[in-house]
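The values are calculated or read from the model by the stated rules, or taken from the named source; none is laboratory data. What you see is a predicted model; the values in this text were computed from it and never measured. When we count neighbours, we look across all protein chains shown, and the Cβ atoms used for this are built from the backbone with ideal geometry, even at glycine.
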Amino acid sequence: MIMVVTFQQEFRDKISSFLAEKGYEVCVPPHRQDVVPLVKEKTPLVIVLDMYVAEPSGLEVLRELRAQNYRGKVVVLAGTSVSTLMSQAFRLGVDQVIGGFQCTGGTLNVDQVESAIKMTLHSEIAKCAFELYEKGGRKQGSDVDNWIEAERQILKVQTSLPSSVPTGIQAKPENVGEKKTKSKKKSPSKAKRS
């Protein structure tokens, strides 16, 4: 499970929808104060944490998570204006940083978020892939299949096509309404002429 913690509704929706569409199980705490209790309940593999959150701050959230013995991976969203906090964040155990955007007007590359999540779990995926290789009788030429299966097992990514509405989101922020997906209208096929 991937937990997404950001005050920016646009980023929260964009990351959650993207990951859910890719088949990940995604959890969004209803409020920043709910992060630690929800982490205890859901035990996410990775938390995507925006360092710009306030009351509590991203750094305070991270500090509390580590104080409560959360040993999962943490990917932080951070721009240059929070660079002074990053040394403290790294001491608390940040695994990856996605930076370059500011708290207003920035852009976020969701593919970069997914890549950062996979990078944080690289060693666990590699270990699982090797175990699959061993269990498979050390069959040569199966490394890609073993890696894909290891990724699926570690990340618990669904192998079937996701539905049009993401179902993996466990909790939603209080101020986010239901998003309706728009389906493209297909034009009726024209009658065949002879």
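Here are the numbers:
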{"item": "Count - residues of the range 55-97 that are within 18 Å of Q8 (Cβ to Cβ), in contact (Cβ under 8 Å) with a residue 40 or more places away in the chain and touching a helix residue (DSSP H, G or I) at 6+ places or on another chain (Cβ under 6 Å)", "result": "2"}
{"item": "Whichever residue in the range 118-149 is in contact with a Lys or Arg (Cβ under 8 Å, 6 or more places away or on another chain), of a type outside the set (S, T, N, Q) and in a helix (DSSP H, G or I) and, among such residues, is modelled with the highest pLDDT", "result": "Y133"}
{"item": "The lone exception for L62 - which of (1) surrounded by 18 or more Cβ atoms within 10 Å (Cβ to Cβ); (2) at pLDDT below 90 it fails", "result": "(2)"}
{"item": "The range 1-12, subset surrounded by fewer than 18 Cβ atoms within 10 Å (Cβ to Cβ) and out of contact with any helix residue (DSSP H, G or I) (no Cβ under 8 Å at 6 or more places or on another chain), residue nearest to Q68 (Cα to Cα)", "result": "Q9"}
{"item": "Members of the range 27-45 that are within 10 Å of the chain's Cα centre (by Cα) and more than 17 Å from K14 (Cα to Cα)", "result": "P44, L45"}
{"item": "Sole residue being touching an Asp or Glu at 6+ places or on another chain (Cβ under 8 Å), crowded, with 16+ Cβ neighbours inside 10 Å and part of a strand (DSSP E or B), chosen from V97, V74", "result": "V74"}
{"item": "Some residue of the range 5-12 being under 30 Å from I148 (Cβ atoms) and in a helix (DSSP H, G or I)", "result": "yes"}
{"item": "Only one of A20, A54, A78 that is more than 17 Å from I2 (Cα to Cα), in contact with a strand residue (DSSP E or B) (Cβ under 8 Å, 6 or more places away or on another chain) and not charged (D, E, K, R)", "result": "A78"}
{"item": "Near pairs, Cβ below 8 angstrom, 6+ apart or cross-chain, from the range 108-123 (over 13 Å from L155 (Cβ atoms)) to any residue that is part of a helix (DSSP H, G or I) and at pLDDT below 90", "result": "L108/F11"}
{"item": "Some residue of the range 69-82 being at pLDDT 85 or above, of a type in the set (S, T, N, Q) and under 19 Å from the mean Cα position of the chain (by Cα)", "result": "no"}
{"item": "Number of the exception - V46 against (1) surrounded by 19 or more Cβ atoms within 10 Å (Cβ to Cβ); (2) free of Cβ contacts under 8 Å to residues at least 24 places away in the same chain", "result": "(2)"}
{"item": "Near pairs, Cβ below 6 angstrom, 6+ apart or cross-chain, from the range 6-31 (within 16 Å of L155 (Cα to Cα)) to any residue that is of a type outside the set (V, I, T) and part of a helix (DSSP H, G or I)", "result": "V26/S16; V26/L19; V26/A20; C27/K42"}
